[in-house]
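Okay, structure first, notes after.
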Amino acid sequence: MHLIKLNATDSTSDYLKGLVSSTHQPDFTVVFTNVQNKGRGQTNAKWISEPYKNLTFSFLKYFKDLDNSNQFLISIAVSLAIYDTLKALNVPNLTIKWPNDILSGISKIGGVLVENTISGQHVKYAIIGIGINVNQTKFPKEIKASSIALKLGQEVAVEPLRDRMIQNLKHYLEHPKKLKWQELYPQYEQLLFRKGSVSTFKTLDGTYISGIVTGVTEQGKLQLLLENDQNGEYSLRELKLVY
Ligand code: BTN
């Protein structure tokens, strides 16, 4: 593994993106920092992380045969790798909130930002940014966030956690043959937050809909059984879970 450790940076994903666009970097190049000043989340959200408390890193993964239409498999594989790592620490009540938030109970303790570069019909490479709340104990009230330390009642060393997570990421991502929908999807689906329960969502036009989470399509859309017994499929930009 090629590890680049920065004292501080705006965003490990942006740093890695810049590096990859100007020089060849080996597969699984990792950019890690303890101080990320302008972390980015999904759908243009910010990812705010207290310096020296949390795990913030990005890594580069090349793909050979991953069809565009299967890109959601990357999210699934990464979510499962994070799940396995946190499960081994005994973090309680872990689930994956679609598409790839990691929850403990109802609080978010980790997030993933997958940014793919496409060439023709295939995913050429992905820059995958991971943020895990490790030892931070105070969060703004308006966000439902928590950390490993809050959940376990003790601090956890960040860098060994990073290295264990990278081992698990390699396990799921290193052998492209492992990226099979039939094999990974059942594991992901089993861990899906609120699967089988009625949830309320806010749509793009500000209206609210209720539905039962039934699964995720191969394209990564969330499937809902709506109140009128119709099935709906929604992309991340179209929907926000209220509860
Ligand atoms: C989300 O939940 O919205 C995704 C959060 C991803 C945050 C990580 S922290 C390391 C990497 N660098 C970034 O700027 N973002 C990701």
Among (1) touching a Gly at 6+ places or on another chain (Cβ under 7 Å); (2) farther than 30 Å from residue 153 by Cβ; (3) open to solvent by 40 Å² or more (accessible area, probe 1.4 Å), residue 46 falls short only on (2)
Given (1) among the hydrophobic types (A, V, I, L, M, F, W, C); (2) in contact with a helix residue (DSSP H, G or I) (Cβ under 9 Å, 6 or more places away or on another chain); (3) exposed (fewer than 14 other Cβ atoms within 10 Å of the Cβ), residue 157 misses just (2)
Apart from one, (1) open to solvent by less than 40 Å² (accessible area, probe 1.4 Å); (2) over 21 Å from residue 81 (Cβ atoms) all hold for residue 141; the odd one out is (1)
With criteria (1) farther than 21 Å from residue 144 by Cβ; (2) open to solvent by 60 Å² or more (accessible area, probe 1.4 Å), residue 202 comes up short on (1)
Going through region 210-243 in order, the residues found to be aliphatic (A, V, I, L, M), modelled with pLDDT of 90 or more and open to solvent by 30 Å² or more (accessible area, probe 1.4 Å) are 212, 225, 226
Is one or more of the residues making up region 75-87 over 28 Å from residue 122 (Cα atoms), surrounded by fewer than 17 Cβ atoms within 10 Å (Cβ to Cβ), at pLDDT 95 or above and among the basic types (Lys, Arg)?
yes
Condition set among the aliphatic types (A, V, I, L, M) and touching a residue at least 40 places away in the same chain (Cβ under 8 Å), scope region 28-62, selection farthest from the ligand (Cβ to nearest atom): answer is 60
So the strands (runs of 3 or more DSSP E) completely within region 196-243 holding 2 or more residues that are within 23 Å of residue 77 (Cα to Cα) are 208-216, 222-226, 231-234, 239-241
Apart from one, (1) closer than 23 Å to residue 2 by Cα; (2) among the acidic types (Asp, Glu); (3) assigned to a loop (DSSP other than H, G, I, E, B) all hold for residue 84; the odd one out is (3)
Of the residues in region 166-195, those that are over 23 Å from residue 86 (Cβ atoms) and in a helix (DSSP H, G or I) come to 176, 177, 181, 182
Considering region 133-160, residues that are more than 14 Å from the ligand (Cβ to nearest atom) and not in a loop (DSSP other than H, G, I, E, B), and then whichever is nearest to residue 55 (Cα to Cα), we arrive at 159
Contact list, first residue from region 1-27 and within 21 Å of residue 165 (Cβ to Cβ) and open to solvent by less than 70 Å² (accessible area, probe 1.4 Å), second anywhere and basic (Lys, Arg) and within 16 Å of the ligand (Cβ to nearest atom), beta-carbon distance below 7 Å, six or more apart or interchain, is 11/38; 11/40; 13/40; 27/61
Within region 77-132, restricting to residues that are free of Cβ contacts under 8 Å to residues at least 40 places away in the same chain and at positive phi, the one that is farthest from the ligand (Cβ to nearest atom) is 120
Of the residues in region 181-193 that are open to solvent by 60 Å² or more (accessible area, probe 1.4 Å) and out of contact with any helix residue (DSSP H, G or I) (no Cβ under 8 Å at 6 or more places or on another chain), the one that is nearest to residue 168 (Cα to Cα) is 183
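The values are calculated or read from the model by the stated rules, or taken from the named source; none is laboratory data. This one's a predicted model, so the numbers in the text were calculated from it and none came from an experiment. Cβ sites come from the backbone with ideal geometry, for glycine too, and all protein chains shown count toward neighbours. These area figures cover heavy atoms from the full protein model, side chains too; ligands, DNA and RNA do not enter into them. Shrake-Rupley method; radii C 1.70, N 1.55, O 1.52, S 1.80 Å.
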